[in-house]
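> There's a structure below that I have some questions on.
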Amino acid sequence: MDFVEGEIFGINKPLHWTSFAVVGKLRWLLCHKLGMKKLKVGHTGTLDPLATGVVVVCTGKKTKQIEALQYHTKEYVATLQLGATTPSYDLEKPIDQTYPTAHITRALIDEVLPRFQGEIWQTPPTFSAVKIDGKRAYEYARKGQEVDIKPKLLVIDELEVLHFDAAEMQLTIRVVCSKGTYIRALARDIGEALGSGAHLTALCRTRIGDTTLNDCMTIEQFIDYLETIPSSEFARMANK
């Protein structure tokens, strides 16, 4: 690898880390090894702190490809808790309302899910990085201020049930979708379509474009990988 000339690789983001924190950690590690004060490092799509999985990282001159890579198709595996909602549509905020679930069956789920395939309009979560008048939506939400978020047109290519636990009312789905899809918002909308409520309890991004979870290194594995590169090789990269 030549991190200064530019590399593109996948990292398996840990739970509770922001995508920004992942990039910051990698930049620090690389600058330390290269003996450089600055190095361009970026990612091709944000994951929420409570999500794990594929983050595609670009370094050096390859950061110029970030915008194009952001449009690659993404795949997720998500677990929804049916019958309850939270303001953030995930576990970041506590449950604010509960709903009946006795009527929810696998047959009803199979009837409802096809409504969310193809082109759909989706309103992003209030607790999101969507910009409104120059500020992020979550900045308003955390102050208790209401904002008008416009729905966006997006594409869900595939949506399938992986598991449904009728006793616990937990639904696990696989989603293949376009840029800009909020799986938390999808959970909200599925809950409403089922005549109940829902929020995310787990989310893993399993693919961006051709980069799958199996192609990704953990932060620890990346650190170990850097240790296998001779100091002379880092010096060569830095002095090009």
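The values are calculated or read from the model by the stated rules, or taken from the named source; none is laboratory data. Quick caveat: nothing in here was measured; it's all calculated off a predicted structure. As a convention, Cβ positions derive from the backbone with ideal geometry for all residues, glycine included, and neighbour counts pool all protein chains shown.
For every residue, the table says whether it meets (1) in contact with a helix residue (DSSP H, G or I) (Cβ under 6 Å, 6 or more places away or on another chain); (2) within 30 Å of residue 232 (Cβ to Cβ); (3) surrounded by fewer than 16 Cβ atoms within 10 Å (Cβ to Cβ); (4) in the same structural domain as residue 125 (by TED's automatic domain parsing).
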residue: 2; (1), (2), (3), (4): yes, yes, yes, no
residue: 19; (1), (2), (3), (4): no, no, no, no
residue: 22; (1), (2), (3), (4): no, yes, no, no
residue: 25; (1), (2), (3), (4): no, yes, no, no
residue: 33; (1), (2), (3), (4): yes, yes, no, no
residue: 37; (1), (2), (3), (4): no, yes, yes, no
residue: 55; (1), (2), (3), (4): yes, yes, no, no
residue: 78; (1), (2), (3), (4): yes, no, no, yes
residue: 88; (1), (2), (3), (4): no, no, no, yes
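> Just give me the residues in the stretch 150-170 being farther than 15 Å from residue 202 by Cα, part of a loop (DSSP other than H, G, I, E, B) and among the aliphatic types (A, V, I, L, M), in sequence order. Before the answer, list the steps.
Initially, the stretch 150-170 is screened for residues farther than 15 Å from residue 202 by Cα, giving 150-160, 166-167.
Filter once more, so that each one left must be part of a loop (DSSP other than H, G, I, E, B): 150-151, 166-167.
Within the stretch 150-170, 166, 167 meet the criteria.
> Between 97, 117, which is in contact with an Asp or Glu (Cβ under 8 Å, 6 or more places away or on another chain) and modelled with pLDDT of 95 or more?
Numbers: 97 fails: in contact with an Asp or Glu (Cβ under 8 Å, 6 or more places away or on another chain).
Exactly one of 97, 117 is in contact with an Asp or Glu (Cβ under 8 Å, 6 or more places away or on another chain) and modelled with pLDDT of 95 or more, namely 117.
> Give me the pairs: first residue in the stretch 112-125 and assigned by TED's automatic domain parsing to the domain that holds residue 192 and of a type in the set (Phe, Trp, Tyr), second residue modelled with pLDDT under 95 and outside any strand (DSSP E or B), beta-carbon distance under 8 Å, and six or more apart or on different chains, which are they?
If the second residue must be modelled with pLDDT under 95 and outside any strand (DSSP E or B), the pairs left are 121/151.
> Write out, first by first residue and then by second, each pair whose Cβ atoms fall under 7 Å of each other, whose residues are 6+ apart or on separate chains, and whose first residue, in the stretch 173-187, is in the same structural domain as residue 79 (by TED's automatic domain parsing) and within 25 Å of residue 84 (Cα to Cα) while the second is modelled with pLDDT of 95 or more and small (Gly, Ala, Ser).
173/78; 175/78; 183/78; 187/78; 187/198
> Also: Counting only residues that are aliphatic (A, V, I, L, M), within 23 Å of residue 30 (Cβ to Cβ) and in a strand (DSSP E or B), which one in the stretch 193-220 is nearest to the chain's Cα centre (by Cα)?
Filtering the stretch 193-220 down to residues aliphatic (A, V, I, L, M) leaves 193-194, 198, 200, 202-203, 208, 213, 217, 219.
Now restrict to residues that are within 23 Å of residue 30 (Cβ to Cβ): 208, 213, 217, 219.
Restricting the remaining residues to those that are in a strand (DSSP E or B) gives 208, 217.
Working: 208: 10, 217: 16 Å.
Among them, the one singled out is 208.
> Among the residues of the stretch 40-49, is any touching a Leu at 6+ places or on another chain (Cβ under 8 Å), more than 21 Å from residue 179 (Cβ to Cβ) and not assigned by TED's automatic domain parsing to the domain that holds residue 201?
no
> Read through the list (1) in the same structural domain as residue 24 (by TED's automatic domain parsing); (2) surrounded by fewer than 20 Cβ atoms within 10 Å (Cβ to Cβ), then give the number of the only condition that residue 167 fails.
(1)
Yes/no matrix, rows are residues, columns are (1) in contact with a His (Cβ under 6 Å, 6 or more places away or on another chain); (2) among the acidic types (Asp, Glu); (3) surrounded by 12 or more Cβ atoms within 10 Å (Cβ to Cβ); (4) on the phi > 0 side of the Ramachandran plot:
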| residue | (1), (2), (3), (4) |
| --- | --- |
| 144 | no, no, no, yes |
| 162 | no, no, no, no |
| 189 | no, yes, yes, no |
| 196 | no, no, yes, no |
| 215 | no, yes, yes, no |
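> Sticking with this one: Could you pull out every one of the strands (runs of 3 or more DSSP E) wholly within the stretch 1-104 that has 2 or more residues that are closer than 23 Å to residue 227 by Cα? Quick ask: steps written out before the conclusion?
Details: elements: 8-13, 41-43, 51-59, 74-82.
Of the strands (runs of 3 or more DSSP E) lying wholly inside the stretch 1-104, those with at least 2 residues that are closer than 23 Å to residue 227 by Cα span 8-13, 41-43, 51-59.
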